[in-house]
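Peer 1: Pasting in a structure now, in structure tokens, and then I'll have a few things to ask.
The values are calculated or read from the model by the stated rules, or taken from the named source; none is laboratory data. For clarity, every value in this text was computed on a predicted model and none was experimentally measured. Cβ sites come from the backbone with ideal geometry, for glycine too, and all protein chains shown count toward neighbours. Surface accessibility is based on the protein's heavy atoms, side chains included, excluding ligands, DNA and RNA. Shrake-Rupley method; radii C 1.70, N 1.55, O 1.52, S 1.80 Å.
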Amino acid sequence: MSDTIERIKTLIIGSGPAGYTAAIYASRADLKPVLYTGMEPGGQLTTTTEVDNFPGYPEGIDGPTMMVQLQQQAERFGTEVRIGMITATELSDKVGGIHRVTVDNDKVIEAETIIISTGATAKYLGLPSEQKLRGGGVSACAVCDGFFYKKQDVAIVGAGDTAAEEASYLSNICNKVTMLVRKDYMRASKAMQHRVESIPNIEIKYNTEVDEVLGDQVVEGLRMVNNQTGKKEDIAITGLFIAIGHKPNTDIFAGQLDMDETGYLLTEGKTTKTNLPGVFACGDAQDKDYRQAVTAAGTGCMAALDAERYLAAIETPEEVA
């Protein structure tokens, strides 16, 4: 491990919409942020071919291009963007305390404030045919990509509230939605179950799993298998949505920061403050409800403002009467 320890004012961990927005605001506030990109520079949007629902892009924009532009905007105001992975953290529990992190198991950085924007990773089935067609009709976000399948036949995999909500959403714009449920019952709330069961263009197939996603360059169909009988069935679809959950990328903070049972970081009220002073969380690392680029960017802005106010408070001594 390197013996050199670098001291900075604001460290941003993660490079999605939340991280880069935090960097734009932090650099404009003269917090001199250093941003580490993590394993997936640009975050989940780099796997999205078209972003049509982010304000300010009337013609849409592809995800990788959008993230490059966000990086350029952050760098324009002075953010230092570095390729690297935070592999360990030692966070202070004192107001004005110094937080220490290790980069790539080697370099140690001390930071007065940390903004966590490590995001979350969508869970996929792991099939080779599914991975091959990610971005070619296989998606983990119906709200993001459903519009591209307007009046077409699609399928969705999942049995929880999110899957039910996304199936309901797709039913409003797609011709038919086939919902694959691995067991003989859904995990979704009774209200959500009744909702999807009442929608005429949603067909629910229980005890059914994906055997193979069909198509060379784009999704052309789906081979399903009944896990009780072994019977296989092919259907023609153009889009496959995987709604089996997300895993927040927060493992390195376990035991130091408060998080829920699935690993999402907990923040105070409407702020981005974590349970430790000077540590703020934004984006999908703390948002399990919305998970949109625009909401992530909004919380990135909030985190930078919270960090600026925190630093101002500890750097300005209280007046003595």
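Peer 1: Convert each backbone phi in the stretch 203-211 into a coupling constant with the Karplus relation 6.51 cos²θ - 1.76 cosθ + 1.60 (shift: θ = phi - 60°), then list the ³J(HN,Hα) values in order as whole Hz, x for Gly and Pro.
Peer 2: Ordered by residue, 3J(HN,Hα) equals 10, 9, 10, 7, 6, 10, 10, 7, 8 Hz.
Peer 1: Which order do peptides 22-30, 187-195 fall in by mean Cβ count within 10 Å, highest first?
Peer 2: Working: 22-30: 23.8, 187-195: 14.3.
Going from most to least packed, we get 22-30, 187-195.
Peer 1: So what is the relative contact order for the stretch 94-226, in percent, with contacts set as C-alpha pairs under 8 Å and at least six apart? All intermediate terms of the calculation are to be shown ahead of the outcome.
Peer 2: On the way: 195 pairs, mean separation 25.7, N = 133.
Rounded, it is 19 percent for the stretch 94-226.
Peer 1: Quick check on the stretch 55-188: of the DSSP beta bridges with both residues there, what percent are antiparallel, nearest 5%?
Peer 2: On the way: 9 of 15 bridges.
In the stretch 55-188, DSSP labels about 60 percent of beta bridges as antiparallel.
Peer 1: Which lysines, if any, have their Cα less than 18 Å from the Cα of K205, not counting same-chain residues under 8 positions apart?
Peer 2: K176, K183, K190, K231, K232
Peer 1: Between T121 and residues 5 or more places away or on another chain, which pairs have amide H atoms under 5 Å apart, with H built 1.01 Å from N, and which residues are they?
Peer 2: Excluding prolines and chain starts, which carry no amide H, the hits are K247, N249.
Peer 1: How far is it, in nm, from the label point at M85 to the one at K132 when both lie 7 Å from their Cα along the line to the Cβ?
Peer 2: The modelled label-to-label distance comes out at 2.7 nm.
Peer 1: A further question follows. What share of Cα pairs, in percent, lie more than 37 angstrom apart in the chain?
Peer 2: On the way: 12981 of 51360 pairs.
Value for the chain (Cα pairs over 37 Å): 25 percent.
Peer 1: Further question: Report the relative contact order of the stretch 189-321, percent, no decimals, based on alpha-carbon pairs under 8 angstrom and at least 6 residues apart.
Peer 2: 12
Peer 1: All other residues with a Cβ under 13 Å from the Cβ of D161 taken together, and with Lys, Arg as +1 and Asp, Glu as -1, what is their net charge?
Peer 2: Net local charge, D161 excluded: +1.
Peer 1: How large is ³J(HN,Hα), in whole Hz, for each residue of the stretch 284-298 in order, when computed from phi with the Karplus curve 6.51 cos²θ - 1.76 cosθ + 1.60 and θ = phi - 60°, using x for Gly and Pro?
Peer 2: Going residue by residue, I get 5, 5, 10, 10, 9, 9, 9, 6, 10, 4, 5, 6, 4, 4, x Hz, with x marking Gly and Pro.
Peer 1: Could you tell me the relative contact order of the chain? Use alpha-carbon pairs under 8 Å, at least six residues apart, and round to a whole percent. Present the calculation step by step, with values, prior to reporting the outcome.
Peer 2: Values: 741 pairs, mean separation 66.7, N = 321.
Once divided by the residue count of the chain, the mean separation gives 21 percent.
Peer 1: Order the peptides 145-151, 155-161 from the highest to the lowest mean number of other Cβ atoms within 10 Å of their residues. Walk me through the numbers before you get to the answer.
Peer 2: Values: 145-151: 17.0, 155-161: 22.9.
The packing order, highest mean first, is 155-161, 145-151.
Peer 1: Below 20 Å, Cα to Cα, which lysines can K9 reach? Residues fewer than 8 away in the same chain don't count.
Peer 2: Reachable lysines: K32, K94, K107, K273.
Peer 1: Taking all protein chains in place and a 1.4 Å probe, what share, in percent, of the accessible surface of the chain do carbon and sulfur account for?
Peer 2: Numbers: 7800 of 15770 Å².
Carbon and sulfur: 49 percent of the exposed surface of the chain.
Peer 1: Follow-up. Non-local amide H neighbours of I12 (under 5 Å, H modeled in plane, Pro and chain starts lacking H): which ones?
Peer 2: Here the answer is V34, L35, Y36, I115, since their amide H atoms fall under 5 Å of that of I12.
Peer 1: Hey, another quick one. For the stretch 81-96, in order, what is each residue's ³J(HN,Hα) by Karplus, 6.51 cos²θ - 1.76 cosθ + 1.60 with θ = phi - 60°, in whole Hz (x at glycine and Pro)?
Peer 2: 9, 10, 7, x, 10, 7, 10, 7, 9, 9, 9, 7, 9, 10, 5, x
Peer 1: State in Å² the accessible area per residue of the chain; use a 1.4 Å probe, count heavy atoms of protein chains only, and round to the nearest integer.
Peer 2: Dividing the accessible area of the chain by its residue count gives 49 Å².
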